Structures are given as structure tokens and as C-alpha cells.
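Colleague: Take this structure, written in C-alpha cells, and hold onto it; I'll ask about it next.
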Amino acid sequence: MITSEYPSSGDAVSADSGVIEVYVSELDQFFDSMDPSPFHERDLHRHAHEYIVSLAKELSGRAPTALVVYLAKPIGLPDEARILGDAIRVYFARRAEQMARELRQMLRRGWINLAIGLTLLVSSVIVGQAVARRMGQGPLATVLRESLLIGGWVAMWRPVELFLYDYWELRHELKILERLSRVSVRIVYTGSRVAPGHEGSGNGAPVRSGPASAAKN
């Protein structure tokens, strides 16, 4: 919950926003220390990415999303919050674009796999019927016919799984990333104090702050 107890700067957070709260001692904790790119182009730290995305999944997709960063430092540069917000939005926009490409590629593979699977299924039925006509209804013919039919359905397993499960999971993930590419970011400066239980984890990643809550400007 944003209060007037500490100074803050950055994007406005509306009362109906779904809020993700993060407590850090340094803004560098957000980013991958091994990434040599400029600050506004650096990748987020893996733990920061997983934390933000996991909480974003719990928020309503209909309400705007806000990220409130509780920084254990005095107020810094005037445009510090804007730079951080732009960096986070650019990062998630890149990830959304990458996932959109992966989704399109997966769909292309899925249609190809589906065509192959249907071809094999139809072929297995036709060959099975030919075996039945040639060999009759004996045990060997039955085994061969059923084996061909099972093989045809096995060929359909992957494309069916892709269209029924994988596609929708990736599509949901894409919507989360697109929503985070528009996230409002606000920094709350807590000085040298960090709320108990929210100290840095020591590995450069933000620490989970608890469930998201509504915020006030």
C-alpha cells in the first residue's frame, strides 16, 4: 500500500490497479549483473522476472497493473523512476515479442504435425482394412489391424496436445507479458530502512513481499 510516510516518484498508480510490491536495497537487484547492455536495455534478473510474472498471473487481467518498488535509499535522481519504468517495460515488451514469435512457430509446427498425424491415421485405417480383407479375422490379422490403428492415434498425440494445452498456456503467458509491457512503475524511497522480512536475498534478486494489493496515489 503506498502511503505518504515516504517520498515517492514515477508513474501514477490508480486506486483500481492490481499492485505488485517489491522491496530492494539497490535498483541493480532488478537486473542481470552479467548483462553488459546499457541500463535501459538490460535483462531482468531471473528471480525478479519469475517473481513479477508469478504475481501478475494472480491479478485480474481487466485492471491496470502497477509495480511499486520500495527502495531502501533516500530519493535519488529526478528521472530515476522513469528510467526504471522504461527499462522494465522495454524488457517485457521484448519478451512478449519473442514469445509471440515462438507461438507463431509453434502453430506452424503444429499444423505440419497435424497433417502428418492425420495422414498416418488415415493410412493406418486403410492398411488395417486391407489386412483384414486379405488375412480374414484371425488373431494375427486382428493384432496387425489394431497395432496399425494404435500407431495412427499415437501419431496424433503430439498435435492434439499442442492445440489443446500448449497453445493456450503460451497464449496466456503472452498476455501476461504484454500487460507487463504497459505496467506503471513507482518508486517509494524508504531511506536506509527496509521492512522486516523484506531484506535483500543476497543473490541480487528482489524478495517476495506478499500478496498484491490495491494502491493509492
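Colleague: Using 0.36 nm times the number of residues separating K73 and R109, minus their current alpha carbon distance, what extension gain do you get?
Modeller: Extra length available between K73 and R109 comes to 8.0 nm.
Colleague: On full extension of the chain, what length is gained from A130 through R158, given 0.36 nm per residue of separation minus the C-alpha to C-alpha distance?
Modeller: Difference between extended and current length: 7.4 nm.
Colleague: To make sure I understand, if each residue's beta carbon is the centre and we count other beta carbons within 10 Å, what order do L140, L180 fall in, fewest to most?
Modeller: Final ranking by Cβ density, sparse to dense: L140, L180.
Colleague: Stick to Cα atoms and the Kirkwood definition of Rh, then tell me Rg/Rh for segment 106-176.
Modeller: Radius of gyration relative to Kirkwood radius: 1.23.
Colleague: If neighbour count is taken as other Cβ atoms inside 10 Å, put M34, M106 in order from fewest to most.
Modeller: Fewest to most other Cβ atoms nearby, the residues stand as M34, M106.
Colleague: Hey, another quick one. How many nm is it between the label spots at R94 and S147, if each spot is 7 Å from the Cα in line with the beta carbon?
Modeller: 5.3 nm
Colleague: Moving on to the next point. Taking 0.36 nm per residue of separation and subtracting the Cα-Cα distance, what length does fully extending S60 through Q137 add?
Modeller: Length gained between S60 and Q137: 21.8 nm.
Colleague: Taking θ as phi - 60°, what are the ³J(HN,Hα) couplings along segment 98-104 by the Karplus curve (6.51, -1.76, 1.60), each to the nearest whole Hz, with x for Gly and Pro?
Modeller: Listing the rounded values in order: 5, 5, 4, 5, 4, 5, 5 Hz.
Colleague: Could you list R134, R42, R171 in order of exposure, starting from the residue whose Cβ has the fewest other Cβ atoms within 10 Å?
Modeller: Ascending Cβ contact count within 10 Å gives the list R134, R171, R42.
Values quoted throughout were computed directly from the atomic coordinates according to the rules given, and no laboratory measurement underlies them. Note that the structure is predicted; figures quoted are calculated from it, not measured. All Cβ positions, even for glycine, are placed from backbone atoms using ideal geometry, and neighbour counts span all protein chains on display.
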